[in-house]
Amino acid sequence: MSASTAADLGRLWADGYTVVPAVVTGPLLERLRTEADALVAAFEGGHRGEDFWSFTRDGESTPVLYRVHNLEQQPGAPLAAGLFATGPLHHLAESILGCPARARVIAMIVKMPRVAAAVPWHRDRTDAEPGHAINLSLFLDDSDASNGALEFVPGSHLLADDADVDRAREAGPVLTVGALAGDVAVHDVRAVHASRPNPTARPRRSLVIEFVPDTTEAP
C-alpha cells in the first residue's frame, strides 16, 4: 500500500469516506466509458427493464435514467461484470478491509446532463458495524460541485443505527467531494451522504460496488 493510500485510508476510518486517485486508468477506463455510453443509449432508444431505474420530472413524460442495478447481469456490461468478479477494486477493498473481500452488488449511477435530480440525504444501510461494509464508486467522468458531486457528513458512519439523517446533515459539517475520472470514492455504508443535481451539459456516471469481508454471510 502506498503512503498516499495509507493516508487516504486513515481519513476513511476517521471521516467515513475518502477518495483514492487514479485506481482505473488507460484503456480499461475508456472501455468502461464506452460500455456505459451503450447502456445509456439503449435506455434512450426505448430499452426498459426492472434493473433500469428512472424517474419523470414534474410536467414531463420522458423518463430520466438514474441507475442501472444488477449491472453484472446486463448483457451489455461484460467489463463491469469483470470488475464485479475480480480486479483493481477488489484489491483496493481488500487493502481497506484488511482481509479477502467479496462484492455484494454493482450498479451504475447515472447523472444525466441537465436533467439529473439530487439524491436525498441517506445512509445506505446500518446493519453492519463501522468499517465492515464499504462502497467503492469508480468515477467514469469528472465530478464536481456543478455536475452532481457526492456530499458527506464526516464521522456520521459512527452515529447510532437510528440516528436522524436530517439532524446529522443540519449539524454538519457538509463536505462536497469531487473526483476525476478513474478515481474511486470510498465510503462506509453507514455514512450520511447525498449527491447534487446535474444542470450542466456533462454526464456524471460512476460504477458502485459494495464490498464486505469474504467471511460475511450472504444476505
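Within the range 115-156, the set of residues being among the hydroxyl-bearing types (Ser, Thr, Tyr) and over 18 Å from Ala36 (Cα atoms) comprises Thr126, Ser146, Ser156.
Looking only at the range 113-144, count how many residues are outside any strand (DSSP E or B) and farther than 23 Å from Arg202 by Cα.
Qualifying residue count, the range 113-144: 11.
The test for being open to solvent by less than 40 Å² (accessible area, probe 1.4 Å), more than 30 Å from Gly172 (Cα to Cα), in contact with a Phe, Trp or Tyr (Cβ under 7 Å, 6 or more places away or on another chain) and not hydroxyl-bearing (Ser, Thr, Tyr) holds for Val68.
Go through the range 71-112 and report how many residues are assigned to a loop (DSSP other than H, G, I, E, B), in contact (Cβ under 8 Å) with a residue 24 or more places away in the chain and either among the hydrophobic types (A, V, I, L, M, F, W, C) or surrounded by fewer than 17 Cβ atoms within 10 Å (Cβ to Cβ) (or both).
5
What about Thr18, is it farther than 17 Å from Pro113 by Cβ and in a helix (DSSP H, G or I)? Break it down into steps so the answer makes sense when it comes.
Values: farther than 17 Å from Pro113 by Cβ: yes; in a helix (DSSP H, G or I): no.
Against the criterion (farther than 17 Å from Pro113 by Cβ and in a helix (DSSP H, G or I)), Thr18 does not qualify.
Go through the range 127-142 and give me each residue that's open to solvent by less than 10 Å² (accessible area, probe 1.4 Å) and in contact with an Asp or Glu (Cβ under 7 Å, 6 or more places away or on another chain). Passing the criteria: Ala133, Ile134, Phe139.
The values are calculated or read from the model by the stated rules, or taken from the named source; none is laboratory data. These numbers were taken from a predicted model, which means no experiment stands behind them. Ideal geometry is used to build each Cβ from the backbone, glycine not excepted, and the neighbour counts take in all protein chains shown. Quick note on the areas: whole protein, heavy atoms, side chains included, nothing else; ligands and nucleic acids left out. Shrake-Rupley method; radii C 1.70, N 1.55, O 1.52, S 1.80 Å.
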